[in-house]
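The values are calculated or read from the model by the stated rules, or taken from the named source; none is laboratory data. Small disclaimer: the values here were computed from a predicted structure and weren't measured. Positions of Cβ are backbone-derived with ideal geometry, glycine not excepted, and every protein chain shown enters the neighbour counts. Just so you know, the surface numbers come from the protein's heavy atoms only, side chains and all, with ligands and any DNA or RNA stripped out. Shrake-Rupley method; radii C 1.70, N 1.55, O 1.52, S 1.80 Å.
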Amino acid sequence: MAWIRFLGALLAVFMTIAPLVSNADAHGDAKHDRGTIGEKCIKDTDWMRRNHMNMLMEKRHVTVREGVRVPAESLLNCKTCHTSREKFCDKCHSYVGVQPDCFECHNYPK
Amino acid sequence: MNMDRRSVLGLGGVVAASAMIAPGIHLIAAPERTEASGQSRWAMLVDVNKCDSDCTACTTACRQENNVPTFDDPQRDIHWIRKVELKDKKGKRPSVSLPVLCNHCEHPPCVDVCPTEASFIRKDGIVLVDKHRCIGCRYCMIACPYKARSLVYHATELSENGNADVPIRGKGVVEKCTFCVHLVDQGKKPACVDACQKDGNGAMIFGDLNDGQSEISKRVHEIRTQTMRADLGLNPAVHYQGL
């Protein structure tokens with residue numbers, strides 16, 4: 001009965017993710033409260049919500065090691081639209097309980 | 001528009017063909033993007049005769065560009081480029097002053113010893129520390145014959161007039177001269193070379209050794225230049241003239 005177990009696992013995954021995502025959605029309306037300016041993100045907002053961590057990790061590899069630079073998608077560019085780190089990145093991160101150490105070195109004003 | 005059957009079919013073919021182009025290849029120009037090229041070999045040439053012992057234009061510019069702080073304790077000091085005074089032991093020749101920085105060797109010993117592959121050599125010959133990977137073991141500092149590397153002992157903060165485009169430093173990470181890779185990738189010169197030409201005596205030049213038209217490759221081929229500790233066979237990219 002592998003498929004039942006699979007279904008169960010799927011349900012469990014969904015139940016952990018769903019509140020997170022819908023919560024973020026609810027916040028999404030309050031865009032300006034979070035200090036975001038601009039029309040849309042560098043990629044689809046839904047995609048960014050789920051994948052920005054992987055994207056940044058991938059980017060730091062190819063940028064530093066292969067010299068691939070795409071200024072518009074650089075970590076340096078997030079702050080032009082997400083003007084407040086405290087209200088945007090940090091707020092969500094403390095909600096989900098992750099503490100990226102990036103800003104020890106990378107400049108991103110509070 | 002009036003189209004006959006054949007041209008409509010042909011159009012379908014075009015659409016199908018463009019759909020078959022491998023993903024990742026875009027017919028429409030992608031956003032601006034640069035990449036390190038294996039065709040280049042970035043290098044520096046220092047004319048020691050022009051380098052004045054009182055001049056610190058290069059070291060000052062480096063600290064400003066890369067947010068390199070100064071500490072009181074010389075043992076813990078971070079330096080990417082430093083001025084060194086060379087004295088002739090017999091006193092026959094006048095002492096000379098020259099800047100010493102990472103030599104960006106073709107066969108870098110620091111890269112050989114790095115256990116995490118944090119030290120690496122980029123395709124265009126620039127040797128870098130991937131600070132995201134460095135664990136601070138300092139093997140590379142011991143391996144480097146030029147003492148070009150420093151370990152960061154203190155966490156630092158961006159100073160008020162610092163350069164916000166360049167990351168500052170985390171404690172416990174090794175760092176060194178990057179040939180200002182962030183500027184080179186934008187087609188600019190390293191900060192030290194720029195300062196030397198503007199505020200100093202124009203002793204340093206920077207360019208691509210593989211480009212036969214560049215000033216540096218012409219000069220390195222025409223005049224006698226030396227590299228430091230050439231006997232080690234590391235083939236450094238920092239050349240000196242008049243040593």
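Using the Cβ-Cβ distance between residue B:117 and residue B:159 with R0 set to 22 Å, the FRET efficiency works out to roughly 0.10.
Residue ranking by accessible heavy-atom surface, 1.4 Å probe, largest first, among A:66, B:65 comes out as A:66, B:65.
Across segment B:157-167, computed HN-Hα scalar couplings (Karplus, 6.51 cos²θ - 1.76 cosθ + 1.60, θ = phi - 60°) run 10, 5, 6, 4, 9, x, 9, 5, 7, 10, x Hz from first to last residue, x flagging Gly and Pro.
The residues A:110, B:131, sorted by heavy-atom accessible surface at 1.4 Å with ligands and nucleic acids left out, run A:110, B:131 from largest to smallest.
Of the residues B:99, B:118, B:74, the one whose Cα sits farthest towards the positive end of the charge dipole of segment B:53-163 is B:99 (charges of +1 on Lys and Arg Cβ, -1 on Asp and Glu Cβ, taken about the Cα centre). Take the convex hull of the alpha carbons in segment B:5-241; its mean projected area over all directions comes to 18.7 nm².
Across the residues of A:100-110, average count of Cβ atoms on other protein chains within 10 Å?
Numbers: counts 0, 2, 3, 2, 9, 13, 6, 10, 1, 2, 0.
That works out to 4 on average.
Other protein chain C-beta atoms within 10 Å of residue C-beta, averaged over A:55-66: 3.
Among the listed pairs A:59/B:123; A:40/A:87; A:79/A:110; B:147/B:189, which are separated by more than 21 Å between their Cα atoms?
Details: A:59/B:123 17 Å; A:40/A:87 18 Å; A:79/A:110 10 Å; B:147/B:189 23 Å.
Checking Cα-Cα distances, B:147/B:189 exceed 21 Å.
Per-residue shielding of B:175-181, expressed as the average number of other chain Cβ atoms within 10 Å of the residue Cβ, stands at 1. Relative to the Cα centre, the charge distribution of segment B:5-241, modelled as +1 at Lys and Arg Cβ and -1 at Asp and Glu Cβ, gives a dipole magnitude of about 500 debye.
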